[in-house]
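For reference, the structure is listed below as C-alpha cells.
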Amino acid sequence: MSAEQKKIIFSGIQPTGVITIGNYIGAIKNWTKLQDDYNCLFCAVDMHSITVRQDPALLRKRARDLLTMYIAAGLDPEKNIMYYQSHVSGHAELAWILNCFTYMGELNRMTQFKEKSAKHGSNINAGLFTYPVLMAADILLYQTDLVPVGHDQKQHLELAREIATRFNNVYGDVFTVPEPYIAKVGAKIMSLQEPTKKMSKSDENPNGYISLMDEPNVIIKKIKRAVTDSDREVTYSESKPGVKNLIDIYSCVTSESIESSIDRFVGKGYGELKQVVGEAIVEELKPVQERFKDLQKNKDYIDSIIKKNGETANYLATKTLRKAQKKVGFPVRIR
Ligand code: TRP
C-alpha cells in the first residue's frame, strides 16, 4: 500500500511518572504492530501534563525519555512521526478554535475531569477542564482516522468526534471524524497492589507498577509481592483479579495466547506463577532496556529525530490549521 492510501493513526502518552509495563503492553507494544500498515503519529503530550503541577526539569527529561522509549520499544522513527506536542504550536491554536465549539455542559460531564478535580482540589485550573478539547485538537489536526485508546479515554474520543461533526456541519468537511482503534490483543494491566485499579505511572507506591527501567531483581521482587488472595491454587477468573492480572501480563509479554497461558498455570501454586511471570517480564524488557540505554547515550541521533519529526508534524498540522482558521473567518496570511 502506498503512503497516501494508508489510514492515519494518532496516539499520545503524557510524559508524567515513569513509563510502566502497562503503557508498554497497553500501548507502545501494540503500536509497533501498526507501523507498517498505517501512517502513525505518536506524541509525547507534554502540554496535557501541565494541567497538573510538574517539576520543569523532570517533565523535560521524561518527555525525552518517552520518545527515546518509543524508539527502544521498536517504533521506527523513519516510519512513524514521534514528536513533542509543545513543539507544534498548531495544537494550541486549533484547541482555541475548538474551545469555541465545545459546550461547558459537555466538559462538565467528563469523568476524568471529575476524578482529577477531586484529586487535585487545590488546583482545579481551566486547563484541566478543557483538557479534552486539546486532545480533540491533537487528533483532528492530522485528519486522523483511528485512535488507539484505552477504556479511560473513550469518553474523550467520543467528544472529539462530536466536536469534529459539529464543526463540519457548519463549515463543510474540514475534519476527518476519528474512530477508536480497538487492539486485537492486549489486556488492561492492573496495579500489582490493588488489582482492581489500572496500573498507573503516577502511583505513589512503586510496588504497584513495573517501570520499563526496573532492574531484573526489582521486577522479580515486585511480582513476588503482587497482591493475590488467600487461595493457593491458580484459577483464572474475575473474582481473582490479582492472579488474573499476572496471567494477563504473562500472555502479553510472551505473546502466548491467553488460553494456553491459563493452561500453563491452572492448578499450580502462586509461588511458581510469580516466578515464571517475573522471569518472562525480565526477558521481554531486557533488549528494550539495552536499546534505551544505548539511545540515551546517542544524544545527536535523538536530537535529529526530534527535530525532523517535529518539522514533519508541524507541516501536516499547519495544513489543517490554516483550513480551520480560514473557515472561521481569520484573515488569510499574505505570503
Ligand atoms: N489523554 C490521553 C491519556 O491520558 C493522552 C492523549 C492526549 C491522547 N492526546 C491524545 C491519546 C490524543 C490519544 C490521542 O491517556
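Working note: Cα gyration tensor of the chain, eigenvalues times five, square-rooted, sorted largest first, giving semi-axes of 37, 22, 19 Å.
For segment 163-260, a simple Cβ point-charge model (Lys and Arg +1, Asp and Glu -1, everything else neutral) yields a dipole of about 180 debye relative to the Cα centre. Treating r as the C-beta distance of Asp76 and Lys154 and R0 as 30 Å, the FRET efficiency rounds to 0.60.
Cross-link reach is defined here as a Cα-Cα straight distance under 17 Å, omitting same-chain residues fewer than 8 places apart; for Lys198 the aspartates and glutamates meeting it are Glu115, Asp152, Glu238, Asp248. Relative protection proxy for 15-21, 229-235, from highest mean packing down: 15-21, 229-235 (other beta-carbon atoms within 10 angstrom). The Cα atoms of segment 113-158 give a gyration tensor whose axes a ≥ b ≥ c have a/c of 1.5 or more with a/b no greater than b/c, which makes the shape oblate. For the pair Gln112 and Asp303, a Förster radius of 30 Å applied to the C-beta separation gives a FRET efficiency near 0.35, rounded to the nearest 0.05. Just to confirm my numbers, what's the Cα centroid distance between segment 1-65 and segment 175-240 in Å? Cα centroid to Cα centroid, the span is 19 Å. Considering only Val277, Gly17, Ser239, the residue lying farthest towards the positive end of the dipole of the chain is Gly17, judged by Cα position with unit charges set on Cβ.
For Ser89 and Asp55, a Förster radius of 25 Å and the Cβ-Cβ distance give a FRET efficiency of 0.60, rounded to the nearest 0.05.
Helix 154-171 and the longest principal axis of the Cα set of the chain meet at an angle near 20°.
Take the Cα radius of gyration of segment 206-294 and divide it by 2.2 N^0.38 Å, N being the number of residues; the result is 1.08.
Among residues other than Tyr236 with Cβ under 14 Å from its Cβ, the summed charge is -4 (Lys and Arg +1, Asp and Glu -1). When you work out D = kT/(6 pi eta Rh) for segment 1-157 at 10 °C and 1.306 mPa s, using the Kirkwood radius from C-alpha pairs as Rh and the Stokes-Einstein form, the result is 97 µm²/s. Computed over the alpha carbons of segment 1-82, Rg followed by Dmax gives 13.4, 44 Å.
Segment 279-325 has equivalent-ellipsoid semi-axes of 35, 16, 5 Å, by the square roots of 5 times the alpha carbon gyration tensor eigenvalues, sorted largest first. Within the chain, antiparallel bridges make up roughly 15 percent of the DSSP beta bridges whose residues both belong there. Gain on full extension, evaluated as 0.36 nm per residue between Lys6 and Lys327 minus their Cα-Cα distance, stands at 112.9 nm. Summed over all non-identical Cα pairs, the Kirkwood treatment of segment 150-218 gives a radius of 15.2 Å. For the listed residue pairs Lys201/Lys319; Lys114/Lys224; Lys33/Lys197, the alpha carbons are over 29 angstrom apart in Lys201/Lys319; Lys114/Lys224. Quick one: check the C-alpha center-to-center distance for segment 139-156 versus segment 241-276, whole angstrom. Cα centroid of segment 139-156 versus Cα centroid of segment 241-276: 31 Å apart.
Kirkwood Rh over alpha-carbon pairs of segment 90-231, then Stokes-Einstein at 37 °C and 0.692 mPa s: what D in µm² s⁻¹, rounded to an integer? Write out the running numbers ahead of the final one.
On the way: Rh = 17.6 Å.
After rounding, the answer is 187 µm²/s.
When each of the peptides 110-123, 246-259, 81-94, 132-145 is scored by the mean number of other C-beta atoms lying within 10 Å of its residues, the order from highest to lowest reads 132-145, 81-94, 246-259, 110-123. Legend: P(r) of segment 1-49 from all alpha carbon pair distances, 10 Å bins from 0, whole percents, reading 24, 46, 24, 5.
No value in this document is a laboratory result; all are computed from the given coordinates. Predicted model only: the values in this text are computed from it and were never measured. Methodologically, a virtual Cβ is constructed for each residue, glycine included, from the backbone with ideal geometry; neighbour enumeration extends over all protein chains shown.
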